[in-house]
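Down below is the structure, laid out as C-alpha cells.
The values are calculated or read from the model by the stated rules, or taken from the named source; none is laboratory data. Fair warning: this is a prediction, and the values are worked out from it, not measured in the lab. For neighbour counting, all protein chains shown are included, and Cβ atoms are generated from backbone atoms with ideal geometry for every residue, glycine included.
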Amino acid sequence: MRLSYLSKTEEDTAAFAEALAHLAQKGDVFALFGTLGMGKSVFARAFIKALCPVEDVPSPTFTLLQTYETDAFEIYHYDLYRLKSAEEIWELNMEEALEEAVCLIEWPEKMGAYLPQKTIKINITPQNDGRKFELIVQDKEKQRFLKLNLEPEA
C-alpha cells in the first residue's frame with residue numbers, strides 16, 4: 001500500500017507527522033528516507049512533540065539516539081547518518097526498541113537488511129515548491145489500520 005501526502009510548508013509537514021503520531025502503536029517503526037534538507041528532522045520533532053510534553057527535541061545526529069516517554073510507550077528517535085556499518089545498530093539497543101517502543105529512524109538505509117519488514121517507510125522527495133511524503137506499508141494489518149484512519153492527499 002502506498003499513501004501520498006503533499007507538504008508545501010514545514011507546518012504541513014508537522015501536521016502530517018502529528019496525525020501519524022496519534023496513530024502510532026507500540027512496535028511501530030517509521031523509517032524516514034530522504035536526502036539532506038528534505039524534512040526528516042522536522043517530521044520527527046513534530047511527531048515527538050505531538051505525544052510528549054517537551055519543549056526541545058534535539059537531533060540525535062551526534063548521540064545517534066534520543067528517547068522520549070509517553071503514556072503508552074517510549075519513542076526511540078535514531079539518526080543513523082554517522083554509522084559506518086549496519087551491525088552498529090545492535091550497540092544502540094535497537095533490537096529491544098523495535099519490539100517494545102515506537103521507533104523513528106532517520107537514514108534507515110544505513111541499517112541495510114536489518115530494517116524490519118513491518119516498517120512503515122516514508123520516502124520524502126522534492127515536489128514543485130514542497131515535499132512529497134509517500135508511505136509504503138507492507139504489513140496487511142497496518143495497511144487496514146492506516147486506510148481507516150488516514151485520508152490520503154495528493
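Looking at Leu104, Leu148, just one residue is within 20 Å of Thr61 (Cβ to Cβ), out of contact with any Asp or Glu (no Cβ under 6 Å at 6 or more places or on another chain) and of a type outside the set (Val, Ile, Thr), and that residue is Leu104.
Could you list, in sequence order, the residues of the stretch 10-60 that are touching a Lys or Arg at 6+ places or on another chain (Cβ under 7 Å) and either within 22 Å of Val137 (Cα to Cα) or not hydrophobic (A, V, I, L, M, F, W, C) (or both)? Before you say what the answer is, go through the steps one by one.
Within the stretch 10-60, the subset touching a Lys or Arg at 6+ places or on another chain (Cβ under 7 Å) is 13, 29, 31-34, 38-39, 57.
Hits for the stretch 10-60 are Thr13, Val29, Ala31, Leu32, Phe33, Gly34, Met38, Gly39.
Condition check: at pLDDT below 90, within 28 Å of Glu11 (Cα to Cα), in contact with a Phe, Trp or Tyr (Cβ under 9 Å, 6 or more places away or on another chain) and not in a helix (DSSP H, G or I). Does Thr125 satisfy that? No, not satisfied. Restricting the stretch 34-65 to residues that are out of contact with any strand residue (DSSP E or B) (no Cβ under 7 Å at 6 or more places or on another chain), over 16 Å from Ile122 (Cα atoms) and of a type outside the set (A, V, I, L, M, F, W, C), the residue that is surrounded by the most Cβ atoms within 10 Å (Cβ to Cβ) is Lys49.
Counting only residues that are in a helix (DSSP H, G or I) and at pLDDT below 85, the stretch 24-64 holds 0 of them. Among the residues making up the stretch 65-94, those that are part of a loop (DSSP other than H, G, I, E, B) and either of a type in the set (Ser, Thr, Tyr) or farther than 16 Å from Phe30 by Cα (or both) are Thr70, Asp71, Ala72, Tyr81, Arg82, Leu83, Lys84, Ser85, Asn93.
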